[in-house]
Amino acid sequence: MDLNLRKAILSNISTNDQSQLEATIVDAIQNGEEKMLPGLGVLFELIWQQADQTMKQDMVESLESGVKQATAGS
């Protein structure tokens, strides 16, 4: 069975508007379900590909800060 998860995820969101995309992200994060992680990864990949170098640096800095906060006190 040849399953291309990335293509399936893109197909599922291909007609979504900004509001629907935001709802998808918020829902995935609030639910915290492991099965949503691949979808978030595909969405992040799309964002990364569209970002210029300054935006990428901002994302990496935000990610570093978030990782530090999430792991503080662990």
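The values are calculated or read from the model by the stated rules, or taken from the named source; none is laboratory data. Everything numeric here is computed off the predicted structure, so don't read it as measured data. Counting neighbours? That spans all protein chains shown, and the Cβs are built from the backbone with ideal geometry, glycine included.
A quick yes/no check of all residues on (1) among the basic types (K, R); (2) modelled with pLDDT under 95; (3) surrounded by 10 or more Cβ atoms within 10 Å (Cβ to Cβ); (4) touching a Gly at 6+ places or on another chain (Cβ under 8 Å):
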{"position": "G32", "(1), (2), (3), (4)": "no, yes, no, no"}
{"position": "K35", "(1), (2), (3), (4)": "yes, yes, no, no"}
{"position": "G41", "(1), (2), (3), (4)": "no, no, yes, no"}
{"position": "W48", "(1), (2), (3), (4)": "no, no, yes, no"}
{"position": "Q53", "(1), (2), (3), (4)": "no, no, no, no"}
{"position": "D58", "(1), (2), (3), (4)": "no, no, yes, no"}
{"position": "S62", "(1), (2), (3), (4)": "no, no, yes, no"}
{"position": "Q69", "(1), (2), (3), (4)": "no, no, no, no"}
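Out of all the residues in the range 2-16, is one or more of a type in the set (D, E) and at pLDDT 95 or above? I'd like the intermediate steps shown before the answer.
To start, the set of residues in the range 2-16 that are of a type in the set (D, E) comprises 2.
Checking which are at pLDDT 95 or above leaves us with none.
No, the conditions are met nowhere in the range 2-16.
Take the residues in the range 17-62 that are β-branched (V, I, T) and free of Cβ contacts under 8 Å to residues at least 12 places away in the same chain; name whichever of them is farthest from R6 (Cα to Cα).
Here the answer is T54.
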